[in-house]
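Inspection log for the structure reproduced underneath, given as structure tokens.
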Amino acid sequence: MKKTPRKTTRISGYDVDRITVRGKDLVSELMGEVTFSQMILLQLLGRKPSRAQTRILDAVLVTIMEHGLIPSAIVSRLTHYGAPESVQGAVAAGLLGVGDQFAGTASACAEILEPIAAAPRAKRAAIARAAIGSLRATNRPVPGFGHPIHRGGDPRVKRLIAIVKAAGAMGEYLSALSVLERCVRQETGRKLVTNISSALAAAMGEAGIPAKAMRGIILTARCAGLAGHVYEESQDPIAPAMWRAIEKEIGYDAEG
């Protein structure tokens, strides 16, 4: 009988004396030697990150960490109000609300940018137009464009792109984003704002982070932001006021 090969992981292992992450000793080679962003990239990509990659990821994490009192933060605060003993439950409740409506479209935009960036420059516009056409054919918006508040331009976009350029990125994803921006305006006939999700997608692409891993990066940053909301809620609660406001604004319709 043929023996089934044993499954393995390349991320981490341990024995009685040692913990190893991506081939490096956690205690002697990583603790106190690398930053959190460097550790994220090492764990994710399996190799020591460059200075440019680390600089870009630092900027990405700072950019997306805080959004104010959007639904995910509200949910975290209300969950803490109901279960103050469960900080992890409150943070997790907020993380479950990170999706395509708020903070979660960077990975979807990256899935469009990846083949554009990988193609010869002469073919990039055609790939972008095909992707836009496919979305429009099913009445789906192009992820990374438009914003309900920053209608005149997302103030974070230019700054993040400037940081990526200053870090010494190759620029293929930034170029792909420029192509996509131009094609979106041509195909839709509208001057849609390039929002932070598309800039985050381009930035993380320049850092070598695959599209499928980007949602995890966004969630890591949002986790830190929600932890801040939960702690503030424990010290100076606003959830009771939010609950009262909901009771005041939302009525019961027995005939509905």
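Of the residues making up region 74-93, just one is without any contact (Cβ under 8 Å) to a residue 12 or more places away in the chain, of a type in the set (A, V, I, L, M) and over 14 Å from Cys223 (Cβ atoms), namely Ala83.
Restricting the first member to region 228-256 and to residues that are more than 17 Å from Gly94 (Cα to Cα), and the second to residues that are part of a helix (DSSP H, G or I), the beta-carbon pairs closer than 8 Å and six or more apart or on different chains are Pro240/Tyr81. Within region 150-193, being outside any loop (DSSP other than H, G, I, E, B), small (Gly, Ala, Ser) and loosely packed, with under 12 Cβ neighbours inside 10 Å holds for one residue alone: Ala162. Between Ala125, Ala92, the distinction of being surrounded by fewer than 17 Cβ atoms within 10 Å (Cβ to Cβ), more than 20 Å from Glu187 (Cβ to Cβ) and touching a helix residue (DSSP H, G or I) at 6+ places or on another chain (Cβ under 9 Å) belongs to Ala92 only. Filtering region 60-87 to residues that are part of a loop (DSSP other than H, G, I, E, B), exposed (fewer than 15 other Cβ atoms within 10 Å of the Cβ) and at negative phi leaves Leu69, Ala83, Glu85, Ser86. Against the test of being of a type in the set (A, V, I, L, M, F, W, C), modelled with pLDDT of 95 or more, under 30 Å from Val157 (Cβ atoms) and in contact with a strand residue (DSSP E or B) (Cβ under 8 Å, 6 or more places away or on another chain), the options Leu26, Leu42 yield a single qualifying residue, Leu42.
In region 235-250, what residues are small (Gly, Ala, Ser) and either touching a Gly at 6+ places or on another chain (Cβ under 8 Å) or closer than 11 Å to Leu78 by Cα (or both)? Ala239, Ala241 - these are the residues of region 235-250 that are small (Gly, Ala, Ser) and either touching a Gly at 6+ places or on another chain (Cβ under 8 Å) or closer than 11 Å to Leu78 by Cα (or both). Ala90 falls short of the stated requirement of being of a type outside the set (Val, Ile, Thr), within 21 Å of Ala201 (Cα to Cα) and part of a helix (DSSP H, G or I). Residues of region 194-229 that are of a type in the set (A, V, I, L, M), closer than 17 Å to Ser86 by Cα and surrounded by fewer than 24 Cβ atoms within 10 Å (Cβ to Cβ): Ala224, Ala227. Only residues that are without any contact (Cβ under 8 Å) to a residue 40 or more places away in the chain and either buried (at least 16 other Cβ atoms within 10 Å of the Cβ) or part of a helix (DSSP H, G or I) (or both) were counted across region 37-48, and they come to 5.
When Arg121, Arg156, Arg140 are checked against the criterion of being touching a His at 6+ places or on another chain (Cβ under 9 Å), modelled with pLDDT of 90 or more and of a type in the set (Lys, Arg), Arg156 stands alone in meeting it. Of everything in region 49-59 that is in a helix (DSSP H, G or I) and free of Cβ contacts under 8 Å to residues at least 40 places away in the same chain, the residue that is nearest to the chain's Cα centre (by Cα) is Asp58. Of the residues screened, Ile132 is one that is touching a Cys at 6+ places or on another chain (Cβ under 8 Å) and either of a type outside the set (Ser, Thr, Tyr) or in a helix (DSSP H, G or I) (or both). Residues in region 194-204 that are among the hydroxyl-bearing types (Ser, Thr, Tyr) and not in a helix (DSSP H, G or I): Thr194 alone.
Scanning region 1-23 for residues that are surrounded by 15 or more Cβ atoms within 10 Å (Cβ to Cβ) and touching a strand residue (DSSP E or B) at 6+ places or on another chain (Cβ under 7 Å) turns up Thr20, Val21.
Please go through region 208-249 and pick out each residue that is touching a Lys or Arg at 6+ places or on another chain (Cβ under 8 Å) and outside any helix (DSSP H, G or I).
First, pick out the residues of region 208-249 that are touching a Lys or Arg at 6+ places or on another chain (Cβ under 8 Å): 229-230, 233, 237-239, 242.
Within region 208-249, Pro237, Ile238 meet the criteria.
The values are calculated or read from the model by the stated rules, or taken from the named source; none is laboratory data. Since the structure is predicted, the reported quantities are computational estimates derived from the model, not experimental observations. Heads up, the Cβs are rebuilt from the backbone with ideal geometry, glycines too, and the neighbour counts pull from every protein chain shown.
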